[in-house]
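A.B. asks: Have a look at the structure that comes next, please.
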Amino acid sequence: MELWLDTIDFELITKYTNQLSITGITTNPSILAKSSLSARVTIEKLLVLQAGKVAVQVTLNNYPDMFTQAKMLAAIDPRIIIKIPITNDGLYTIHALSKIGIQTMATAIFETSQILLGAMAGATYAAPYLGKIKGDNFAVLQDMLDIIKVNNYPLKLIVAAIKNKEQIVHATKLGAQAITIPADPFREFMANLNETTDSLMQFDRDWMDSGKSLNS
């Protein structure tokens, strides 16, 4: 499974790319809007901070403008993946970009039919918003994965809008090809477990009491 970070927290990215194999960073207009830097500088810094991909979403809504903007973003660096919302204009854009070899991530996905549309349009990734799907979101996620598997689509499903570490584990258990995690759920995921810390403290006490050394 590919692990992505859904954040522009530079400190967090630097810390955890030194601990885990991170496939890349996902962004969206809302995330980039919070940066104190320009969008272009933020994107370039994300490319420098880690060796993986960076997903950047178009900010325009009609096909000709989306296509032009997507090509401009892709020209920044070959590691950039273009995020395109699943709309009629978005599908035009995804399909046109796939024909010229630009990788895309279909986004703003809330139901199974949108996965099918993204696959047929030629998207590289598709990002369902797990935490925002109504009803039994994991049943919907399973249906999405089944469609990809049964039809042997090359599309990778990247689970987004993760809310906690339980969702991370469950999505992984179902066989999601990728997952992108916001800063707070990722910190929760990476935090030392109390039981583990307690065990280590007991090991330390027992070792100190023994007076032994591994050096002799």
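Each reported figure results from applying straightforward, stated rules to the coordinates on display, with no laboratory input. Predicted model only: the values in this text are computed from it and were never measured. Cβ placement follows ideal geometry from the backbone for every residue including glycine, while neighbour counts extend to all protein chains displayed.
A.B. asks: Leaving out same-chain residues fewer than 8 places away, which lysines sit with a Cα under 25 Å from that of K34?
C.D. replies: Output for K34: K15, K45, K53, K71, K83, K132, K163, K165.
A.B. asks: If I fit a long axis through the Cα atoms of helix 194-210 and take the longest principal axis of the Cα atoms of the chain, what angle between them do I get, 0 to 90°, rounded to 10?
C.D. replies: 30
A.B. asks: I would also like to ask the following. Normalising by the residue count of the chain, find the relative contact order in percent from Cα pairs under 8 Å and 6+ residues apart.
C.D. replies: The normalised contact order for the chain reaches 17 percent.
A.B. asks: Which trypsin sites (Lys or Arg not before Pro) in the range 108-170 pass both tests, a DSSP loop state and at most 13 other beta-carbon atoms within 10 Å?
C.D. replies: When the trypsin sites (Lys or Arg not before Pro) of the range 108-170 are filtered for loop state and at most 13 Cβ neighbours within 10 Å, K134 remain.
A.B. asks: In a GNM of the chain with a 10 Å cut-off on Cα contacts, which of P182, P85, P64 has the highest mean-square fluctuation?
C.D. replies: Looking only at P182, P85, P64, the biggest GNM fluctuation is shown by P64.
A.B. asks: Let me have the 222 nm mean residue ellipticity of the chain computed from DSSP H runs of 4+ only, each contributing -39500 (n - 2.57), with the sum over all residues rounded to the nearest 500.
C.D. replies: On the way: 10 runs with 107 residues, N = 216.
Calculated at 222 nm, the ellipticity per residue is -15000 deg cm²/dmol.
A.B. asks: Right, another one. Between the helical axis of 88-99 and the dominant principal axis of the chain, each derived from Cα atoms, what acute angle in degrees is found, rounded to the nearest 10?
C.D. replies: Long axis of 88-99 versus the principal axis of the chain: about 80 degrees.
A.B. asks: With unit charges on the beta carbons (Lys and Arg positive, Asp and Glu negative) and the dipole taken about the Cα centre of the range 77-216, which residue among H170, L155, Y92 sits farthest to the positive side?
C.D. replies: Y92
A.B. asks: How far is the Cα center of the range 156-216 from the Cα center of the range 86-148, in Å?
C.D. replies: After rounding, the separation between the Cα centres reads 30 Å.
A.B. asks: F138 versus S199, label points 7 Å from Cα toward the beta carbon: distance in nm?
C.D. replies: It works out to 2.4 nm between the two label points.
A.B. asks: Sticking with this structure for a sec: Rounded to the nearest 20 debye, what is the charge dipole size of the chain about its Cα centre when +1 sits on each Lys and Arg Cβ and -1 on each Asp and Glu Cβ?
C.D. replies: Approximately 620 debye in magnitude.
A.B. asks: What's the magnitude of the charge dipole for the range 35-104 around its Cα centre, counting Lys and Arg as +1 and Asp and Glu as -1 at the beta-carbon? Answer in Debye, nearest 20.
C.D. replies: Computed about the Cα centre, the dipole is about 180 debye.
A.B. asks: While we're on this one: Read through the labelled values (1) 40, 24, 11; (2) 37, 22, 14; (3) 29, 20, 17 and report the label of the one computed as semi-axes √(5λ) of the Cα gyration tensor in Å from the structure.
C.D. replies: Identified label for the calculated read-out: (2).
A.B. asks: While we're on this one: Can you list the aspartates and glutamates whose alpha carbon is less than 19 Å from that of K173, not counting same-chain residues fewer than 8 positions off?
C.D. replies: Result set, ordered by chain and number: E2, D136, D143, D146, E188.
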